[in-house]
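Some notes on the structure that comes next.
Each value in this text was obtained by applying a stated rule to the coordinates, not by laboratory testing. Just so it is clear, the model here is predicted, and its values are computed rather than measured. Positions of Cβ are generated from backbone atoms using ideal geometry, with glycine treated the same way; all protein chains shown enter the neighbour counts.
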Ligand SMILES: *Cc1c(COP(=O)(O)O)cnc(C)c1O
């Protein structure tokens, strides 16, 4: 029964329990305990005073991030969702302005635009990198475009040089959503440091985490200060601080706590090792899966690395000769864990399809009776839609503490399913 597919009663290839991914050790325990013993779990005050910028651990963590990422400013926040809201707000967009974004990203990359009453415009992605296609960005630029939100999704770098050049030619700001790509090299730099602002998530299933948290980086002092204001009740602070630019100075409480910041500083030390470990696993998997007909494995762009938050594959269906649904059923029957056939295709969300975000009258797509002509219909991003409907297959490497033996069994399961795929 060994060569028979488990789907048809054969033996399973993968038959063990996996532990959840856990990046913590005694260093984080000690760091957290020190904060608790200090009695000061946050150092922030939401008024213009020395504590406006947060407590000592927040500021130390920010200084470490500046060193690691090689940037002038790092702004710690309580999530990257908050960070993206700070970033878009800092650019000073007006209601009704358009911001180009990928449809293949976590929802917050686009919601951050809507928070400032901007209009998300979805450009298509490339089937091999899952990231924004520079040609589609250009095709979507209008006189109202102000910025581009560029994810490096799954940990693979977007075509940042090209995108930054397009932005420069059209006077657009670039916000990099590098949530899934911390520590990813792009030429001489790190992903997240090529745009005007970059952001990293520290939520509990990212490479390094603090439970919830995020960090924004920039070399632009003005953008950094505007993000710090939005993070901490800007409207109550501007007067005493002497700020005169009130554009988007609606503040929030996006402050990261001292425990999380102390943990974050320890996690940052481990980032390179975590990413290297993930690259080793992905390398083992790709060495086996690359030769399977019709299966495209993730490859970093030339000159860049990949963090493999998710191991994203594409099916060339005529070559595979079986549907994604059947392939997935067969792999799952073999016991392969953490598989997914879906990512996100944002323009298909009801909020965009129905254009209902604030209230019931289509604001901000309709402002004072003037309607935006931006489309969210199927057909605007054919590559993303086809991946979503038929072609995408992902392994959630971020979920479990996979080791090389696990990866070996997963590869064996793929090989078995591919060998028997005409039965599907
Ligand atoms: C996780 C993630 C976010 C949001 O980060 P949070 O810290 O969970 O708010 C944004 N964009 C992408 C691509 C992400 O993966």
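Quick rundown of the values:
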| quantity | calculated |
| --- | --- |
| The chain: calculated mean residue ellipticity at 222 nm from DSSP helix runs of at least 4, using -39500 (n - 2.57) | -11000 deg cm²/dmol |
| In degrees, nearest ten, helix 258-289 long axis to first principal axis of the chain (Cα) | 30 degrees |
| Choice from 157, 76, 31 showing the highest fluctuation, given a GNM over the chain with Cα pairs closer than 10 Å | 31 |
| Whole-number D in µm²/s for the chain (Stokes-Einstein; Kirkwood sum over Cα pairs; 10 °C, 1.306 mPa s) | 70 µm²/s |
| Ascending count of other beta-carbon atoms within 10 Å, so fewest first, for 24, 154 | 24, 154 |
| FRET efficiency, residue 165 to residue 404 (Cβ-Cβ, R0 45 Å, nearest 0.05) | 0.65 |
| Helix 221-231 axis, angle to the chain major axis (alpha carbon atoms, nearest 10°) | 90 degrees |
| Nearest 10 degrees, 0 to 90: helix 26-38 Cα axis against the chain principal axis | 30 degrees |
| Which of 52, 200, 130 has the fewest Cβ neighbours within 10 Å, and the rest in rising order | 52, 130, 200 |
| Sequence of 254, 122 once ranked by neighbouring C-beta atoms within 10 Å, starting from the fewest | 254, 122 |
| GNM flexibility winner over the chain from 107, 373, 20 (Cα, springs under 10 Å) | 373 |
